[in-house]
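Q: I'd like to ask some things about the structure below.
The values are calculated or read from the model by the stated rules, or taken from the named source; none is laboratory data. Bear in mind the structure is a predicted one, so any value in this text is a computation, not a measurement. Cβ placement follows ideal geometry from the backbone for every residue including glycine, while neighbour counts extend to all protein chains displayed. Only protein heavy atoms, including side chains, enter the accessible area calculation; ligands, DNA and RNA are left aside. Shrake-Rupley method; radii C 1.70, N 1.55, O 1.52, S 1.80 Å.
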Amino acid sequence: MDYVKYIRGLVGNNKIIMNAGACIIVNKSNQLLLQLRGDDHYWGLPGGIMEMGETPKETAVREVLEETGYNVKITNYMGDYHNFHKTWPGGDKAHIICFIYVGEIVSGTMVIDGDETLDLKWFDYSDLPDIDAKDHLDAIRDYYSK
């Protein structure tokens, strides 16, 4: 079941609370993997909205695979981060509660599908692109400040 389509079919564009899972992935050069998202055309962490029956950790692992082509092993839990005022281009509104994990790539090959993912790149922390998602930006800052 596609939970987002289901719930939006009931509430339309009205603001709702949505749970998500996302993953911070860094390479050996301490660069961060970011995804140019197809839904809002902003850079952010690989991740997305939970489906019914999933844990936040399962969501993060599934979404990373779907959006990047990489299988990840979760190595740390960063915490829950909030984006209180998310609005997508189509007008849908939400308060996002995103459970952020740190992950390590264990297999796979980078895949850019042109739909959910428009681009994937490794960025130095000092040269991050525009990140609209406050929850992602807060988690990235916390990760690099530790």
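Q: Which order do His85, His136, His41 take by accessible area at a 1.4 Å probe, largest first?
A: On the way: His85 145, His136 20, His41 120 Å².
I get His85, His41, His136, largest accessible area first.
Q: While we're here: Per residue, how much accessible area does the chain have with a 1.4 Å probe, in Å²? Write out the running numbers ahead of the final one.
A: Values: 7600 Å² over 146 residues.
Counting only protein heavy atoms, the per-residue value for the chain is 52 Å².
Q: Take the solvent-accessible surface of the protein heavy atoms, probe 1.4 Å, and return the percent of it on the chain that carbon and sulfur atoms account for.
A: After summing per-atom areas, the C and S share lands at 52 percent.
Q: Can you tell me the Rg and the Dmax, both Å, for the Cα atoms in the stretch 43-95?
A: Values for the stretch 43-95 (Cα only, Rg and Dmax): 12.5, 35 Å.
Q: Hey, can you grab everything whose amide H is under 5 Å from the amide H of Tyr77? Only 5+ residues off in sequence or another chain; H modelled, so Pro and N-termini drop out.
A: It is Val102, by chain and number.
Q: Moving on to the next point. In whole Å, how far is the Cα centre of the stretch 65-108 from that of the stretch 18-45?
A: Each part's Cα centre sits 7 Å from the other's.
Q: Would you work out the charge dipole size for the chain about its Cα centre, treating the Cβ of every Lys and Arg as +1 and the Cβ of every Asp and Glu as -1, and quote it to the nearest 20 debye?
A: 340
Q: Quick one: grab Rg to one decimal and Dmax as a whole number for the chain, Cα atoms only, in Å.
A: Using the Cα atoms of the chain, the pair Rg, Dmax is 14.4, 45 Å.
Q: Of the DSSP beta bridges with both residues in the chain, give the percent that are antiparallel, rounding to the nearest 5.
A: Within the chain, antiparallel bridges account for around 70 percent of the total.
Q: Looking at this model, which pairs from Lys5/Lys121; Lys28/Lys73; Lys5/Lys93; Lys86/Lys134; Lys15/Lys86; Lys93/Lys134 are more than 18 angstrom apart at the alpha-carbon?
A: Values: Lys5/Lys121 29 Å; Lys28/Lys73 16 Å; Lys5/Lys93 13 Å; Lys86/Lys134 9 Å; Lys15/Lys86 9 Å; Lys93/Lys134 14 Å.
Listed pairs above 18 Å: Lys5/Lys121.
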